[in-house]
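The structure appears right after this line, and notes come after that.
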Amino acid sequence: MTSAALKAARGLIRDFGEVEQLQVSRKGPADFVSTADHKAERTLRAELSKARPSFGFLMEESGASVGSDEKQRWIVDPLDGTTNFLHGIPHFCISIALEREGEIVAGVVYDPTRDEMFWAEKGVGAYMNDRRMRVSGRTKLDDAVIATGIPFRERGHHESYLQTLGAVMATCAGVRRMGSAALDLAYVAAGRYDGFWEFGLSPWDIAAGILLVREAGGQVSDPGGGNDPLRTGEIVASNVQLHPALAALVRKGARRAA
Ligand code: IPD
Ligand code: CA
(Lines give C-alpha, C1' and ligand atoms only; values in the text may rest on other atoms or scores of the structure.)
(Ligands and ions follow the chains in the order given, each with its own letter.)
Protein backbone atom coordinates (compact mmCIF):
# COMPACT_ATOMS: atom_id res chain seq x y z
CA MET A 1 0.00 0.00 0.00
CA THR A 2 2.78 2.44 0.88
CA SER A 3 4.74 1.73 -2.28
CA ALA A 4 1.60 2.15 -4.42
CA ALA A 5 1.02 5.51 -2.70
CA LEU A 6 4.63 6.60 -3.26
CA LYS A 7 4.45 5.71 -6.94
CA ALA A 8 1.17 7.59 -7.55
CA ALA A 9 2.49 10.51 -5.49
CA ARG A 10 5.43 11.00 -7.87
CA GLY A 11 2.97 11.75 -10.68
CA LEU A 12 0.85 14.02 -8.47
CA ILE A 13 3.87 16.08 -7.43
CA ARG A 14 4.94 16.52 -11.07
CA ASP A 15 1.40 17.60 -11.98
CA PHE A 16 1.14 19.91 -8.97
CA GLY A 17 4.16 21.82 -10.31
CA GLU A 18 2.27 22.34 -13.59
CA VAL A 19 -0.91 23.42 -11.80
CA GLU A 20 0.93 26.26 -10.11
CA GLN A 21 1.84 27.58 -13.59
CA LEU A 22 -1.72 27.23 -14.88
CA GLN A 23 -3.35 29.47 -12.22
CA VAL A 24 -2.89 32.55 -14.36
CA SER A 25 -4.56 31.11 -17.47
CA ARG A 26 -8.17 32.16 -17.99
CA LYS A 27 -9.54 28.64 -18.28
CA GLY A 28 -7.65 27.58 -15.15
CA PRO A 29 -6.27 24.13 -14.48
CA ALA A 30 -9.58 22.22 -13.98
CA ASP A 31 -9.25 19.77 -16.90
CA PHE A 32 -5.59 19.25 -16.17
CA VAL A 33 -6.35 18.40 -12.52
CA SER A 34 -9.09 15.98 -13.48
CA THR A 35 -6.59 14.20 -15.76
CA ALA A 36 -4.00 14.13 -12.94
CA ASP A 37 -6.58 12.64 -10.56
CA HIS A 38 -7.55 9.88 -13.02
CA LYS A 39 -3.89 9.14 -13.79
CA ALA A 40 -3.13 8.71 -10.05
CA GLU A 41 -6.12 6.38 -9.73
CA ARG A 42 -4.90 4.24 -12.65
CA THR A 43 -1.42 3.98 -11.11
CA LEU A 44 -2.89 2.94 -7.75
CA ARG A 45 -5.16 0.34 -9.36
CA ALA A 46 -2.27 -1.12 -11.34
CA GLU A 47 0.11 -1.28 -8.34
CA LEU A 48 -2.45 -2.69 -5.90
CA SER A 49 -3.65 -5.24 -8.49
CA LYS A 50 -0.07 -6.34 -9.06
CA ALA A 51 0.36 -6.93 -5.30
CA ARG A 52 -3.05 -8.59 -4.69
CA PRO A 53 -4.64 -9.60 -8.04
CA SER A 54 -7.77 -11.07 -6.43
CA PHE A 55 -8.96 -8.03 -4.43
CA GLY A 56 -11.81 -5.74 -5.53
CA PHE A 57 -11.90 -1.93 -5.53
CA LEU A 58 -14.01 1.01 -4.44
CA MET A 59 -12.43 4.08 -6.01
CA GLU A 60 -13.56 7.69 -6.11
CA GLU A 61 -13.31 8.07 -9.86
CA SER A 62 -14.11 4.60 -11.20
CA GLY A 63 -16.51 3.26 -8.55
CA ALA A 64 -16.85 -0.31 -7.29
CA SER A 65 -15.54 -3.51 -8.86
CA VAL A 66 -15.68 -6.94 -7.27
CA GLY A 67 -12.57 -9.12 -7.32
CA SER A 68 -12.37 -12.91 -7.42
CA ASP A 69 -11.83 -12.67 -3.62
CA GLU A 70 -15.16 -11.09 -2.73
CA LYS A 71 -14.18 -10.60 0.92
CA GLN A 72 -11.44 -8.05 0.34
CA ARG A 73 -11.32 -4.74 -1.45
CA TRP A 74 -9.29 -1.54 -1.61
CA ILE A 75 -11.08 1.73 -0.85
CA VAL A 76 -9.11 4.46 -2.61
CA ASP A 77 -9.14 8.23 -2.95
CA PRO A 78 -6.34 9.05 -5.42
CA LEU A 79 -6.44 12.77 -4.59
CA ASP A 80 -8.15 14.00 -1.44
CA GLY A 81 -8.02 17.77 -1.24
CA THR A 82 -8.75 18.30 -4.94
CA THR A 83 -9.78 21.92 -4.47
CA ASN A 84 -6.47 22.68 -2.75
CA PHE A 85 -4.57 20.96 -5.58
CA LEU A 86 -6.53 22.92 -8.15
CA HIS A 87 -5.65 26.20 -6.47
CA GLY A 88 -1.97 25.41 -5.98
CA ILE A 89 -2.37 24.96 -2.21
CA PRO A 90 0.05 22.25 -1.01
CA HIS A 91 -2.32 20.29 1.23
CA PHE A 92 -3.63 17.10 -0.36
CA CYS A 93 -3.07 13.37 -0.08
CA ILE A 94 -3.62 9.85 -1.33
CA SER A 95 -5.83 7.61 0.84
CA ILE A 96 -5.88 3.80 0.60
CA ALA A 97 -7.75 1.43 2.93
CA LEU A 98 -8.05 -2.33 2.89
CA GLU A 99 -11.51 -3.62 3.78
CA ARG A 100 -11.84 -7.28 4.76
CA GLU A 101 -15.33 -8.70 5.30
CA GLY A 102 -16.70 -5.19 5.87
CA GLU A 103 -14.00 -4.17 8.35
CA ILE A 104 -11.08 -1.80 7.66
CA VAL A 105 -7.89 -3.68 8.55
CA ALA A 106 -5.20 -1.43 7.08
CA GLY A 107 -4.97 2.21 6.05
CA VAL A 108 -2.48 4.57 4.45
CA VAL A 109 -2.77 8.35 4.07
CA TYR A 110 0.21 9.88 2.26
CA ASP A 111 0.93 13.61 2.08
CA PRO A 112 3.44 13.97 -0.77
CA THR A 113 4.33 17.62 -0.22
CA ARG A 114 5.51 16.98 3.36
CA ASP A 115 6.55 13.37 2.72
CA GLU A 116 4.41 12.21 5.65
CA MET A 117 3.24 8.61 5.46
CA PHE A 118 0.46 7.94 7.98
CA TRP A 119 -0.34 4.24 8.24
CA ALA A 120 -2.12 1.81 10.51
CA GLU A 121 -2.87 -1.86 10.72
CA LYS A 122 -5.64 -3.25 12.89
CA GLY A 123 -4.16 -4.42 16.19
CA VAL A 124 -0.67 -3.18 15.27
CA GLY A 125 -1.03 0.56 15.93
CA ALA A 126 -0.80 3.78 13.95
CA TYR A 127 2.42 5.37 12.71
CA MET A 128 3.68 8.50 10.94
CA ASN A 129 6.66 7.32 8.90
CA ASP A 130 8.35 5.12 11.53
CA ARG A 131 7.06 6.93 14.63
CA ARG A 132 4.13 5.62 16.68
CA MET A 133 1.16 8.01 16.78
CA ARG A 134 -1.12 8.76 19.72
CA VAL A 135 -4.18 11.03 19.79
CA SER A 136 -3.83 14.22 21.84
CA GLY A 137 -4.16 14.15 25.62
CA ARG A 138 -6.30 17.29 26.00
CA THR A 139 -9.38 16.73 28.10
CA LYS A 140 -11.15 20.10 27.90
CA LEU A 141 -12.90 21.48 24.81
CA ASP A 142 -11.70 24.95 25.91
CA ASP A 143 -8.16 23.92 24.95
CA ALA A 144 -9.09 21.88 21.88
CA VAL A 145 -8.39 22.71 18.23
CA ILE A 146 -11.08 21.06 16.11
CA ALA A 147 -11.00 20.49 12.35
CA THR A 148 -14.05 20.34 10.10
CA GLY A 149 -15.21 20.35 6.51
CA ILE A 150 -17.53 23.18 5.48
CA PRO A 151 -20.22 22.29 2.93
CA PHE A 152 -20.34 24.40 -0.22
CA ARG A 153 -22.74 25.17 -3.09
CA GLU A 154 -25.45 22.51 -3.23
CA ARG A 155 -23.67 20.19 -0.79
CA GLY A 156 -25.16 19.77 2.68
CA HIS A 157 -27.64 21.77 4.69
CA HIS A 158 -25.87 25.06 5.24
CA GLU A 159 -28.05 26.53 7.98
CA SER A 160 -27.87 23.56 10.30
CA TYR A 161 -24.14 23.21 9.61
CA LEU A 162 -23.75 26.82 10.74
CA GLN A 163 -25.56 26.01 14.00
CA THR A 164 -23.06 23.26 14.71
CA LEU A 165 -20.13 25.45 13.72
CA GLY A 166 -21.45 28.20 16.01
CA ALA A 167 -21.64 25.80 18.95
CA VAL A 168 -18.10 24.49 18.37
CA MET A 169 -16.69 28.01 17.78
CA ALA A 170 -18.16 29.20 21.06
CA THR A 171 -16.64 26.32 23.02
CA CYS A 172 -13.23 25.41 21.57
CA ALA A 173 -9.78 27.01 21.24
CA GLY A 174 -9.96 27.11 17.44
CA VAL A 175 -11.55 25.63 14.32
CA ARG A 176 -9.62 24.64 11.16
CA ARG A 177 -10.85 23.88 7.62
CA MET A 178 -7.82 22.66 5.67
CA GLY A 179 -9.66 20.87 2.83
CA SER A 180 -8.72 17.19 3.07
CA ALA A 181 -10.85 14.94 5.26
CA ALA A 182 -8.30 12.10 5.05
CA LEU A 183 -5.51 14.38 6.33
CA ASP A 184 -7.86 15.85 8.97
CA LEU A 185 -8.26 12.35 10.42
CA ALA A 186 -4.52 11.63 10.10
CA TYR A 187 -3.84 14.83 12.07
CA VAL A 188 -6.28 13.74 14.80
CA ALA A 189 -4.39 10.43 14.98
CA ALA A 190 -1.10 12.35 15.21
CA GLY A 191 -2.40 14.51 18.08
CA ARG A 192 -2.18 17.70 15.98
CA TYR A 193 -5.92 18.28 16.00
CA ASP A 194 -7.91 17.34 19.10
CA GLY A 195 -10.97 16.46 17.05
CA PHE A 196 -12.71 16.51 13.66
CA TRP A 197 -16.28 16.47 12.42
CA GLU A 198 -17.92 16.57 9.00
CA PHE A 199 -21.16 15.52 7.31
CA GLY A 200 -21.82 14.11 3.85
CA LEU A 201 -18.49 12.31 3.34
CA SER A 202 -17.83 9.33 1.10
CA PRO A 203 -16.15 6.06 2.17
CA TRP A 204 -12.92 6.84 0.26
CA ASP A 205 -12.53 10.15 2.17
CA ILE A 206 -12.47 8.49 5.59
CA ALA A 207 -11.87 4.70 5.40
CA ALA A 208 -8.11 4.88 6.04
CA GLY A 209 -8.39 7.83 8.44
CA ILE A 210 -10.90 6.08 10.70
CA LEU A 211 -8.45 3.23 11.30
CA LEU A 212 -5.59 5.71 11.89
CA VAL A 213 -7.56 7.42 14.68
CA ARG A 214 -8.76 4.18 16.29
CA GLU A 215 -5.30 2.61 16.23
CA ALA A 216 -3.87 5.82 17.72
CA GLY A 217 -6.18 5.30 20.71
CA GLY A 218 -8.96 7.65 19.60
CA GLN A 219 -12.70 7.26 19.16
CA VAL A 220 -14.65 7.59 15.90
CA SER A 221 -18.42 7.48 15.56
CA ASP A 222 -21.23 9.24 13.83
CA PRO A 223 -22.64 12.16 15.84
CA GLY A 224 -25.39 9.99 17.35
CA GLY A 225 -22.76 7.58 18.68
CA GLY A 226 -23.33 4.96 15.96
CA ASN A 227 -20.32 2.88 15.09
CA ASP A 228 -20.44 3.08 11.32
CA PRO A 229 -19.52 6.55 10.01
CA LEU A 230 -18.13 4.86 6.89
CA ARG A 231 -21.72 4.09 5.80
CA THR A 232 -23.46 7.23 7.13
CA GLY A 233 -20.75 9.71 6.00
CA GLU A 234 -21.30 11.66 9.24
CA ILE A 235 -18.25 11.59 11.46
CA VAL A 236 -16.93 12.77 14.81
CA ALA A 237 -13.38 11.79 15.78
CA SER A 238 -11.27 12.74 18.80
CA ASN A 239 -9.63 11.28 21.86
CA VAL A 240 -11.87 9.22 24.15
CA GLN A 241 -12.16 11.95 26.82
CA LEU A 242 -13.37 14.72 24.49
CA HIS A 243 -15.59 12.55 22.32
CA PRO A 244 -18.92 12.68 24.23
CA ALA A 245 -18.83 16.48 24.55
CA LEU A 246 -17.77 17.06 20.94
CA ALA A 247 -20.41 14.63 19.64
CA ALA A 248 -23.08 16.42 21.68
CA LEU A 249 -22.15 19.77 20.08
CA VAL A 250 -22.11 18.28 16.61
CA ARG A 251 -25.45 16.50 17.06
CA LYS A 252 -27.19 19.87 17.04
CA GLY A 253 -26.77 20.19 13.29
CA ALA A 254 -26.15 16.62 12.23
CA ARG A 255 -29.64 15.44 11.44
CA ARG A 256 -30.28 18.06 8.78
CA ALA A 257 -26.78 18.89 7.64
CA ALA A 258 -25.96 15.81 5.56
C1 IPD B 1 -13.13 16.42 -0.23
C2 IPD B 1 -12.18 16.76 0.91
C3 IPD B 1 -12.75 17.88 1.75
C4 IPD B 1 -14.11 17.54 2.28
C5 IPD B 1 -15.05 17.16 1.15
C6 IPD B 1 -14.47 16.02 0.33
P7 IPD B 1 -12.01 15.61 -2.54
O8 IPD B 1 -12.63 15.35 -1.02
O9 IPD B 1 -11.94 15.64 1.73
O10 IPD B 1 -11.93 18.18 2.87
O11 IPD B 1 -14.63 18.66 2.97
O12 IPD B 1 -16.27 16.77 1.73
O13 IPD B 1 -15.34 15.71 -0.72
O14 IPD B 1 -13.15 16.07 -3.39
O15 IPD B 1 -10.94 16.62 -2.39
O16 IPD B 1 -11.49 14.25 -2.91
CA1 CA C 1 -11.99 12.93 -1.10
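Observations
- Single unsatisfied condition, T43 versus (1) more than 16 Å from ligand 1 (Cβ to nearest atom); (2) surrounded by 14 or more Cβ atoms within 10 Å (Cβ to Cβ); (3) among the hydroxyl-bearing types (S, T, Y); (4) at pLDDT below 95: (4)
- Of residues in region 167-179 being surrounded by 17 or more Cβ atoms within 10 Å (Cβ to Cβ) and closer than 22 Å to D77 by Cα, the one farthest from ligand 1 (Cβ to nearest atom): M178
- If you go through region 87-125 and pick out every residue that is assigned to a loop (DSSP other than H, G, I, E, B) and hydrophobic (A, V, I, L, M, F, W, C), you end up with 3.
- Taken residue by residue, region 70-83 has at least one member that is outside the structural domain of W204 (by TED's automatic domain parsing), within 14 Å of ligand 2 (Cβ to nearest atom), of a type in the set (S, T, N, Q) and within 20 Å of the chain's Cα centre (by Cα).
- Answer from R176, R192, R256 - the residue that is at pLDDT below 95 and more than 14 Å from the chain's Cα centre (by Cα): R256
- Some residue of region 214-231 being on the phi < 0 side of the Ramachandran plot, in a strand (DSSP E or B) and out of contact with any His (no Cβ under 6 Å at 6 or more places or on another chain): yes
- Subset of region 96-143 [under 19 Å from V240 (Cβ atoms), of a type in the set (D, E) and in contact with a helix residue (DSSP H, G or I) (Cβ under 8 Å, 6 or more places away or on another chain)]: D142
- Single match in S221, S202 (criterion: more than 14 Å from ligand 1 (Cβ to nearest atom) and either without any contact (Cβ under 8 Å) to a residue 24 or more places away in the chain or of a type in the set (G, A, S) (or both)): S221
- Single match in A186, A182 (criterion: touching an Asp or Glu at 6+ places or on another chain (Cβ under 9 Å), away from ligand 1 (no atom under 11 Å from the Cβ) and in a helix (DSSP H, G or I)): A186
- Within region 84-103, restricting attention to residues that are farther than 21 Å from R14 by Cβ and crowded, with 23+ Cβ neighbours inside 10 Å, the residue that is farthest from the chain's Cα centre (by Cα) is L98.
The values are calculated or read from the model by the stated rules, or taken from the named source; none is laboratory data. Just so it is clear, the structure is predicted and the values come from calculations on it, not from any experiment. Note: ideal-geometry Cβ built from the backbone for every residue, glycine included; neighbour counts use all protein chains shown.
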